[in-house]
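See below for the structure under consideration.
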Amino acid sequence: MDEQKNFENPELDPVGTEMGDEAAVLAAQDEDNALDKNVRLLSPARMVLRRFFRSKLSVVGLVMIVALILFSWLGPVVYHAWGETEEDRSGKTEYNSVKVTVIDDETGEEYYFWQTTETERQVNLKAPPSADHILGTDQTGMDVFTRLMYGGRISLSISFLAVFAITILGVIFGGLAGYFGGKVDEVIMRICDILMCLPGLPLMLIIGTLFDSWGIDSQYRIYLLMLFLTFISWTGTARLVRGQILFLREQEYMVAAEAMGFSTSRRIFKHLIPNVLPQLIVSMTLSLGSMILYEASLSYLNLGVKAPYAAWGTMINAASDPSILNGYFNIWGPPGFCIILAVLGFNFIGDGLRDALDPKARR
């Protein structure tokens with residue numbers, strides 16, 4: 001009777017116990033399968049984004065760059081009270097008094113009187129911040145806030161174009177050198193050695209002087225200088241790509257691609273270059289900050305964008321005047337602050353991408 005009761009009791013039933021364990025194992029397997037499915041739903045791109053946005057500094061850097069881009073391109077659409085090269089001629093009217101001497105022909109006596117003339121309305125120079133000018137006016141009477149937005153367009157767009165051009169050249173020549181090796185690698189690397197020996201800044205000073213003598217429009221001068229900078233700066237990216245491809249071309253999937261008869265261009269640009277992209281993206285992001293500083297330095301040295309057109313470096317050039325440096329922070333301070341924000345933002349994004357693209361990262 002007790003034995004029958006034991007079999008009726010599910011807690012003491014040996015068969016029931018085995019069935020319960022089997023059900024628990026199946027439930028655990030179902031849970032593991034569900035977890036595996038959730039993990040598989042996360043693509044590599046989503047995993048990278050998840051790691052990137054988990055970093056607070058990365059998000060701060062992204063917000064900085066987006067804010068600067070919106071400020072530079074959409075700002076003039078919203079705030080269009082003044083143009084980029086428009087002077088504020090609302091200064092006070094000046095009166096000049098000149099002493100005029102008249103001699104009487106009959107008596108020979110001299111008479112004096114003062115002749116007052118009204119001069120043209122003067123430019124409103126170095127005006128303090130006000131409702132009409134949020135950041136005041138500069139030494140030429142132009143609105144600082146408006147020029148800050150237009151200057152951002154020049155500085156950011158030139159930096160992006162230069163970095164993309166450097167990356168494209170570096171990928172092409174570095175890919176060819178790393179994949180083919182031999183004489184191709186030798187020739188490309190020797191070209192890189194020669195270009196890396198060229199002094200960039202002194203050459204740009206010489207080229208800037210030549211542009212002055214040739215009468216090249218100042219609006220396009222900075223683009224030509226950055227083109228020359230691109231020509232001598234792709235060597236670092238080429239060396240990076242070459243080193244990665246020298247390692248990747250010996251991997252099993254590349255041996256399989258060669259055995260399957262894939263063309264050389266397909267093996268390089270479809271199988272090798274995508275595996276180098278994570279390092280390239282990080283390198284590009286970090287190079288953007290350096291390129292902004294380079295453009296600002298050229299403009300500060302009066303080699304880049306010249307007045308009346310605006311660039312952040314050109315606006316900081318006003319600080320070369322001691323009176324403006326000491327008494328008018330509103331003229332040179334805001335462009336310097338924008339340059340700091342841009343460089344910090346790109347560096348934060350680059351650090352975040354470097355951590356997010358690291359396959360060994362677990363957090």
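Pairs linking a residue in segment 48-67 that is among the aliphatic types (A, V, I, L, M) to a residue that is not in a helix (DSSP H, G or I), with Cβ atoms under 7 Å and 6 or more positions apart or on different chains, are Val48/Leu357. Restricting segment 302-318 to residues that are of a type in the set (A, V, I, L, M) and out of contact with any Gly (no Cβ under 8 Å at 6 or more places or on another chain) leaves a set whose member that is surrounded by the fewest Cβ atoms within 10 Å (Cβ to Cβ) is Ala307. Residue selection: Val255 fails the criterion of being among the β-branched types (Val, Ile, Thr) and crowded, with 16+ Cβ neighbours inside 10 Å.
Any chance segment 249-270 includes a residue that's under 30 Å from Phe52 (Cβ atoms), in a helix (DSSP H, G or I), among the polar types (S, T, N, Q) and in the same structural domain as Tyr223 (by TED's automatic domain parsing)? The answer is no; no qualifying residue exists. Whether any residue in segment 224-241 is in the same structural domain as Ile166 (by TED's automatic domain parsing), over 18 Å from the mean Cα position of the chain (by Cα), among the basic types (Lys, Arg) and part of a helix (DSSP H, G or I) is what I want to check. Scanning segment 224-241 turns up at least one residue that is in the same structural domain as Ile166 (by TED's automatic domain parsing), over 18 Å from the mean Cα position of the chain (by Cα), among the basic types (Lys, Arg) and part of a helix (DSSP H, G or I). Of the residues making up segment 228-244, at least one is touching a helix residue (DSSP H, G or I) at 6+ places or on another chain (Cβ under 8 Å), without any contact (Cβ under 8 Å) to a residue 40 or more places away in the chain and within 13 Å of Gly304 (Cα to Cα). For segment 261-276, the candidate set comprises residues that are within 30 Å of Phe348 (Cβ to Cβ) and surrounded by 15 or more Cβ atoms within 10 Å (Cβ to Cβ); within that set, the residue that is nearest to the chain's Cα centre (by Cα) is Val276.
The residue that is surrounded by the fewest Cβ atoms within 10 Å (Cβ to Cβ), among those in segment 141-182 that are closer than 19 Å to Leu303 by Cα and among the polar types (S, T, N, Q), is Ser157.
Between Ile188, Ile222, the distinction of being under 23 Å from Ile166 (Cβ atoms), in contact with a Phe, Trp or Tyr (Cβ under 8 Å, 6 or more places away or on another chain) and surrounded by 13 or more Cβ atoms within 10 Å (Cβ to Cβ) belongs to Ile188 only. So is Ser287 touching a residue at least 12 places away in the same chain (Cβ under 8 Å) and either farther than 24 Å from Asp212 by Cβ or not hydrophobic (A, V, I, L, M, F, W, C) (or both) or not? When the stated conditions are applied, Ser287 passes them.
Residues that are under 27 Å from His271 (Cα atoms), in the same structural domain as Lys306 (by TED's automatic domain parsing) and touching a residue at least 12 places away in the same chain (Cβ under 8 Å) occur at least once in segment 151-160.
The values are calculated or read from the model by the stated rules, or taken from the named source; none is laboratory data. What you see is a predicted model, and the numbers here were worked out from it, not measured in a lab. Cβ atoms come from the backbone with ideal geometry, glycine included; neighbour counts cover every protein chain shown.
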